[in-house]
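Colleague: What follows is a single structure, and I will ask about it in a moment.
Coordinate-derived values only; no laboratory data. Just so it is clear, the model here is predicted, and its values are computed rather than measured.
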Amino acid sequence: MVPTKVLIVEDSPVQAQKLRLTLEEEGWRVLWAADGQEGLNAARREKPDVIVLDIQLPTLNGFQVARGLKADPTTADIPIIMLTTRDNAMDALTGLEAGAIDYVPKDAFAEAVVLETIRQLREEAGDADD
């Protein structure tokens, strides 16, 4: 299945809106959750094709959300891209161990990297449909 629905879990409305506009320009439907618990609930309810997840969130942090998603059979297969200001190696390792397929530090290139990761997922899904 080609990814068409993206859930952004980000507590900064400005950052979420910026990423949302970029993704919508690519034709994806974008959902937004402003905290960890809301993100977990939205993922279970909406079953997005991919989740862009911040780490520093109210209620549950991104690591907790990722572990919760991977432990739930209804959301375990949804790819998670962590997008965060936390750019040290231990956090990246923790994010990948929690189930993220990519760990992207928030910098000048972050949106482009997220976009490229989602495009690659789309291409892989398209190849699988052939």
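Colleague: Between GLU116 and THR85, what length comes free when the chain is fully extended (0.36 nm per residue of separation minus the Cα-Cα distance, one decimal in nm)?
Modeller: Taking GLU116 through THR85 to full extension adds about 9.3 nm, to one decimal.
Colleague: Then there's this: Quick check: residue separation of GLN64 and GLU97 times 0.36 nm, minus the Cα distance between them. What number comes out in nm?
Modeller: 10.7 nm
Colleague: Right, here's the next one. What do you get for Rg/Rh of the chain when both radii come from the Cα atoms and Rh is the Kirkwood radius?
Modeller: A ratio of 0.93.
Colleague: Convert each backbone phi in the stretch 40-56 into a coupling constant with the Karplus relation 6.51 cos²θ - 1.76 cosθ + 1.60 (shift: θ = phi - 60°), then list the ³J(HN,Hα) values in order as whole Hz, x for Gly and Pro.
Modeller: Per residue, the Karplus-derived 3J(HN,Hα) values read 4, 5, 5, 4, 5, 6, 8, 6, x, 7, 7, 10, 9, 10, 6, 9, 7 Hz.
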